[in-house]
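Here's the structure we're looking at; comments come further down.
The values are calculated or read from the model by the stated rules, or taken from the named source; none is laboratory data. Predicted model only: the values in this text are computed from it and were never measured. Reconstructed Cβ throughout: ideal geometry from the backbone, glycine too, with neighbour counts over all protein chains shown. All accessible areas refer to the heavy atoms of the entire protein, side chains included, with ligands and DNA or RNA removed. Shrake-Rupley method; radii C 1.70, N 1.55, O 1.52, S 1.80 Å.
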Amino acid sequence: MNYQPDLNQSPSDNKKRYISVVFFVVLATTLLFMAGKFGMGSNEIEVANDNPTLWQRVTGIFTLSKDKEPTIDEDLEYVMPENDKNRWDILVLGIRGEDQEDADATGALLTDTMMILSYDQTTKKTSLVSIPRDFYVRIYGTKRDKINTAYEIGVLRKNGLGFSKKLLSRITGVYIDNVIVLDFSSFKKIIDDLGGIDVTLDQPFSENQQWGYEFSLPAGPNHLDGQNALYYVRSRFSSNDFDRADRQQKVIMAVKDKILALNLIEDPIKTLTILNTLRSNIETDLGIWDASGLVDLAKQFGGAEENVKRYVITTQNLVYETHLQTDVGNLYVLLPNGDNLQGIKQLFKDILN
């Protein structure tokens, strides 16, 4: 998509905004996939959807139909949307990574977290939407599976980025322009390279089960290094997935604030260090070092937190939990309310209005 920088801004201002948003877009994504399954964000959007039937809520168990069903290409719900020239949608995928000790057992290429970062050139609004990894959808042909398998299946087909972009476009009803894939091996180092981040807590936070000792933070302002930031966004045993996602979003905004506060243009050593970390830990089809559209995006991210609409798809809004009897046994999944994608697509259609 073609975006033009604001010609009324000075070259140095545009350059600084550009550098800042490059780091923010990529660094923020390293935090997103730490959420695990899904969580709670803040939003003011009314999304029309049908509630699950009483039978679905009571049983919570479905048996897959043995009847012949249409393929994904024949299913009208999965029609590929047209490219909207006024929108820019970036799919962010977080994977465990193949360098982790338990990668083979846990699935190195399965997506732990999936986010869509959207920017509307007309409304000048930005949004971040989380999609839960247990969301059960069509994948290809007549195959259905959890959405977190999409990237892995794409990689096996020698097209991880393209396959993921096309599938998410079909599910959300918005054309995905670009995709970024990262593992979390660089998270701690990047935060430390930035000199840490600052978050303010409304109440004390503690996790006494997950890390071998009691990790705790007091209410009020906290300065977190890479290790503490990692614990803060990944802790889940003492709380829940919804709370964890809310913590993630706080950290994302803290990263943005830190990047914008740093004068990276005048600190080439710090800039080079962070660039090297990023380049060795991301896979993307985005021309991230020369995309002029990042200049416009920087203006939006450079504002207050309320300028970014945050939404997390959960059982409190657009999906419900159940179990499916499959070839691999009784599988926990999330299905869309009303058993159709109408609510999901309406969310992505309206969120930037």
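Is it true that some residue in region 227-237 is in contact (Cβ under 8 Å) with a residue 60 or more places away in the chain, in a helix (DSSP H, G or I) and of a type in the set (Lys, Arg)? Yes, there is a match, as at least one residue in region 227-237 is in contact (Cβ under 8 Å) with a residue 60 or more places away in the chain, in a helix (DSSP H, G or I) and of a type in the set (Lys, Arg).
Would you kindly identify the helices (runs of 4 or more DSSP H) lying entirely within region 88-202 that contain at least 3 residues that are surrounded by fewer than 22 Cβ atoms within 10 Å (Cβ to Cβ) and at pLDDT below 85?
Output list reads 103-106, 187-193.
Checking each residue in region 313-334 for being in contact with a helix residue (DSSP H, G or I) (Cβ under 8 Å, 6 or more places away or on another chain) and farther than 29 Å from Thr123 by Cβ picks out Tyr320, Thr322. In region 72-82, what residues are of a type outside the set (A, V, I, L, M) and surrounded by fewer than 13 Cβ atoms within 10 Å (Cβ to Cβ)? Selection gives Asp73, Glu74, Glu82. For region 129-162, enumerate the residues that are under 16 Å from the mean Cα position of the chain (by Cα) and of a type in the set (A, V, I, L, M). Within region 129-162, Val129, Ile131, Ile147, Ala150, Leu161 meet the criteria.
The helices (runs of 4 or more DSSP H) located wholly in region 241-353 that include 1 or more residues which are at pLDDT 75 or above and open to solvent by 10 Å² or more (accessible area, probe 1.4 Å) occupy 241-261, 268-279, 342-350.
When you scan region 174-213, how many residues do you find that are within 30 Å of Ser280 (Cβ to Cβ), of a type in the set (S, T, N, Q) and under 23 Å from the mean Cα position of the chain (by Cα)? Final tally of qualifying residues: 3. If the condition is being surrounded by 18 or more Cβ atoms within 10 Å (Cβ to Cβ) and among the hydrophobic types (A, V, I, L, M, F, W, C), then region 218-239 contributes Leu224, Ala229, Leu230, Val233.
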